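For reference, the structure discussed in these notes is given below.
The values are calculated or read from the model by the stated rules, or taken from the named source; none is laboratory data. Not measured: the values here are computed from a predicted model. Reconstructed Cβ throughout: ideal geometry from the backbone, glycine too, with neighbour counts over all protein chains shown.
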Amino acid sequence: MRGVNKVILIGNLGKDPDLRYTPNGQSVASFPLATSSRWKDKNDEWQDKTEWHNIVIWGRQAEVCNEYLKKGSPVYIEGRIQYRSWEDKDGNKRFITEIVAQQMRLLGRKVEETPEEPKESTEEETIPEPEEGEDLPF
């Protein structure tokens, strides 16, 4: 039987994406993603918890992340969990848990954008009444 390794996260970047290229020219970006949850404890006090996830994304999507995402940007990530280990320069065994993103969706606005000022209308909006006998669209 085949297993399922699927992760869906919606969160905010902890820092700007780090874009690199492999020796064969493949682009790869990595960044920390924060997801938060909130609940009331038994004393009716609000509790907050933030989990940090190491995101790795490849190819064109990595370049899009580098171009449009900045620290604090909201993003949707869908991918798989991966565990890696390696030896550092001192010979110590190191471990990391990563989310290898297979899909990424930009959420909200770019961080650098400033919201447009709402246009003030001097005219009142009126919704026309349907004429007698006219079919309503619902």
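Observations, loosely collected:
- Within segment 31-72, the set of residues being among the small types (Gly, Ala, Ser), under 12 Å from the mean Cα position of the chain (by Cα) and at pLDDT below 95 comprises GLY72 only.
- Per the conditions (1) of a type in the set (Ser, Thr, Tyr); (2) within 30 Å of ARG38 (Cβ to Cβ); (3) surrounded by fewer than 16 Cβ atoms within 10 Å (Cβ to Cβ), the sole criterion not satisfied by SER85 is (2).
- Checking the stated criteria, ARG94 turns out to be of a type in the set (Lys, Arg) and farther than 27 Å from GLY108 by Cβ.
- If the condition is being under 19 Å from TYR68 (Cα atoms) and out of contact with any Asp or Glu (no Cβ under 8 Å at 6 or more places or on another chain), then segment 10-25 contributes ILE10, GLY11, ASN12, LEU13, GLY14, LYS15, ASP16, PRO17, ASP18, ARG20, TYR21.
- Tally of residues being assigned to a helix (DSSP H, G or I) and farther than 28 Å from GLY3 by Cβ across segment 61-100: 5
- Test: residue in segment 12-20 that is part of a strand (DSSP E or B) and surrounded by fewer than 16 Cβ atoms within 10 Å (Cβ to Cβ): yes
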